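Structure first, then comments.
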Amino acid sequence: MRERGGVNLGGILQRNKPDALATLVYTSGTTGKPKGVMLTHSNLILAARGWLESGLSECVWHLQLRGLWGVHGDTYGMPDEEQANLSCCVQPDAGDKSVSVLPPWHIYERSCSYFILSRGVTQVYSSVAQLRNDLAAHKPEYMIAVPLVLDTLHRRVQAGLKQASAARQRIAGAFLACSAMYIRACRVVQGADLEYALQEPGFVPRLKALLLAALLRPVHQVADKIVYSKVRERVGVQKAVISGGGSLATHLDEFYEVIGLEVMNGWGLTETSPVLACRRLDSNIRGSIGEPVPGTKLLVVDPEAMTPVAPGTQGVVLAQGPGIMAGYYKNQASTAEVTVVQKVGEEASSWFNTGDLGWEVPDQEHHVMGGSIVLTGRAKDTIVLLNGENVEPQPIEDACTCSPYIHQMMLVGQDRRHLTALIVPADEALELLAEEQGTPLEAHQVEALIALELKKGVDSLRRKSAQHERIQNFVLLDEPFSLDNGQLTRTMKIRRNVVAEAHIAAIEGLYKRES
């Protein structure tokens, strides 16, 4: 069987060159119509290139790849500087275990699996229902997860603490508060706090951080011994969690840092195979998505002019590198929409428009964060929920605003557990309804009516809506979106970033009701 497998592998490699299409991964487009992302063998092999660094260079796969694909050295035909894999983020050892709860067809899961399997790591495929048992049974060194998994584990820990006695709860709460201050002080001292990315901390903040770090270190060490070690044991991951598929909430980032579990947050898209940037064990800057992986270039440009902006200035993030897709399948128009020709220096070249907003931390003498990327939002309309599910808001909004009682609406849910909505009710229609009934409508009656209309709207979509497309909560607004308040474009499209910023308190209130 092994001999026949070797023969078949040789034939496959001869027929399939690095730039040949390897897989089509369908992802949502801005109109809600799925687009087929064309990824090549060269795109996919990027993640697994770390196996050549793992001591397996004499295995038959290595020999056949070199012989049949015409590979030079150990780089798969690419210069050393173009190699990009997760070994810059984590370096697992052969025999380690990794748990994953993601669907195997998700490009994030596939990419991570290629990498860890190539390093001789045992992959444990779990599910949300079985994760707790699998973590306890296997005690993996690593876990591949989306932020929702980390959020769920955090909630379980919090629930466990609430079951303890009142005295134990107070002690644990005091320890967590002290440790959070200690960790923050250490960041300031080490030059790893994003609050001071653009401006050097003054004498007083630096002195305060030094004193807090010195005073609270013994408290943190005691807390680690009697509380956090037990929490880590309860979580079950021994070394690190690789988090991707969505933005990691600040409170989760800080919680896992406090208890001593490394979370390596990364970022990318299906169109980029997917990893573009990730945090490193030796440079795990909280609040960032780390630096570009080797071989990948990121460029922040002005959203309108598409010209490069200075580090520290927000703009749209462009990407260039060996992981960029070959294009959208039979969709040249969409491919052209995300392709930007950018001149850097004397040369002009093509870049992929990620649609994400962010800024690059500038190099400064007072910190060690230079080159890290901080994401601040999405220029595209696509909403990415905490579990990694993509939601196109426009079709849902269009369906719901068909109701005579809903004048305007905007879906909310970026990096949240589920969708909510900002609703501008149609006052005239509601007043007419009240006249027909002969009695004024109470607030709770209006809310019940809007809730019913939202359900009708979602249910009216051509396809049966998935659970993640359901609107779980909403708030009614007094002021409509308009040109005057800057919340509509001249073509009457909602300026989502502006609306979200204007109603940030209402949005936070929608999700606080559940906590």
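Checking each residue in segment 274-301 for being buried (at least 17 other Cβ atoms within 10 Å of the Cβ) and in a strand (DSSP E or B) picks out V275, L276, A277, C278, E291, P292, L298, L299, V300, V301. Take the conditions in contact with a strand residue (DSSP E or B) (Cβ under 8 Å, 6 or more places away or on another chain), over 20 Å from K380 (Cα atoms), among the small types (G, A, S) and not in a loop (DSSP other than H, G, I, E, B) and apply them to S334. Does it pass? Here the answer is no, as S334 does not meet what is asked. Of all residues in segment 337-365, those that are surrounded by 12 or more Cβ atoms within 10 Å (Cβ to Cβ) and assigned to a loop (DSSP other than H, G, I, E, B) total 4. Taking segment 93-118 as the range and being farther than 26 Å from L386 by Cβ and buried (at least 21 other Cβ atoms within 10 Å of the Cβ) as the test, only S118 passes. Pairs meeting the criteria (first residue in segment 343-355 and of a type in the set (F, W, Y) and at pLDDT 75 or above, second residue part of a loop (DSSP other than H, G, I, E, B) and surrounded by 18 or more Cβ atoms within 10 Å (Cβ to Cβ), beta carbons under 9 Å, at least 6 apart or on different chains) are W351/I324; F352/L269; F352/G321; F352/I324; F352/M325; F352/V338. Of all residues in segment 244-271 being in contact with a strand residue (DSSP E or B) (Cβ under 6 Å, 6 or more places away or on another chain) and of a type in the set (S, T, N, Q), which is surrounded by the fewest Cβ atoms within 10 Å (Cβ to Cβ)? Step by step, filter segment 244-271, then rank; the result is T270.
Put simply, of L212, L299, L248, L269 the only residue that is among the aliphatic types (A, V, I, L, M), closer than 22 Å to C112 by Cα and at pLDDT 90 or above is L269.
Taken together, the criteria place Y228 among residues that are surrounded by 15 or more Cβ atoms within 10 Å (Cβ to Cβ), in contact (Cβ under 8 Å) with a residue 12 or more places away in the chain, assigned to a helix (DSSP H, G or I) and touching a Gly at 6+ places or on another chain (Cβ under 6 Å).
Of Y182, Y142, all but one fail to be closer than 29 Å to Q221 by Cβ, in contact with a strand residue (DSSP E or B) (Cβ under 6 Å, 6 or more places away or on another chain) and modelled with pLDDT of 95 or more; the exception is Y142. Just give me the residues in segment 370-385 being surrounded by 18 or more Cβ atoms within 10 Å (Cβ to Cβ), part of a strand (DSSP E or B) and either at pLDDT 80 or above or not basic (K, R) (or both), in sequence order. If the condition is that a residue be surrounded by 18 or more Cβ atoms within 10 Å (Cβ to Cβ), part of a strand (DSSP E or B) and either at pLDDT 80 or above or not basic (K, R) (or both), then I373, V374, L375, I383, V384 are the ones that fit.
Might you check whether a residue that is of a type in the set (V, I, T), in a helix (DSSP H, G or I) and in contact (Cβ under 8 Å) with a residue 12 or more places away in the chain occurs anywhere in segment 234-242? For segment 234-242, residues of a type in the set (V, I, T), in a helix (DSSP H, G or I) and in contact (Cβ under 8 Å) with a residue 12 or more places away in the chain: present.
Whether any residue in segment 169-191 is part of a loop (DSSP other than H, G, I, E, B) and in contact (Cβ under 8 Å) with a residue 60 or more places away in the chain is what I want to check. Yes, segment 169-191 contains a residue that is part of a loop (DSSP other than H, G, I, E, B) and in contact (Cβ under 8 Å) with a residue 60 or more places away in the chain.
Within segment 127-139, the residues that satisfy the criterion of being assigned to a loop (DSSP other than H, G, I, E, B) and either modelled with pLDDT of 95 or more or of a type outside the set (S, T, Y) (or both) are V128, A129, Q130, K139.
Per-residue answers, yes or no, for (1) β-branched (V, I, T); (2) at pLDDT 95 or above; (3) more than 18 Å from V374 (Cβ to Cβ):
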| site | (1), (2), (3) |
| --- | --- |
| C178 | no, yes, yes |
| D193 | no, yes, no |
| C278 | no, no, no |
| S283 | no, no, no |
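Scanning segment 100-137 for residues that are among the polar types (S, T, N, Q) and within 19 Å of V293 (Cα to Cα) yields S111, S113, S118. Once segment 267-283 is narrowed to residues that are of a type outside the set (K, R) and touching a helix residue (DSSP H, G or I) at 6+ places or on another chain (Cβ under 8 Å), the residue that is nearest to T27 (Cα to Cα) is T270.
Scanning segment 192-219 for residues that are surrounded by 17 or more Cβ atoms within 10 Å (Cβ to Cβ), assigned to a loop (DSSP other than H, G, I, E, B) and not aliphatic (A, V, I, L, M) yields D193, P201.
Quick one: in segment 119-145, of everything that is among the basic types (K, R) and in contact with a Gly (Cβ under 7 Å, 6 or more places away or on another chain), which residue is surrounded by the most Cβ atoms within 10 Å (Cβ to Cβ)? In this case the residue turns out to be R119. Report, by residue number, each residue of segment 302-331 that is small (G, A, S) and either assigned to a strand (DSSP E or B) or modelled with pLDDT of 95 or more (or both). A310, G312, G315, A319, A326, G327, listed by residue number.
The values are calculated or read from the model by the stated rules, or taken from the named source; none is laboratory data. On a predicted model such as this, the values are computed, not experimentally measured, just so you know. Every residue, glycine among them, receives a Cβ derived from its backbone with ideal geometry; neighbour counts consider all protein chains shown.
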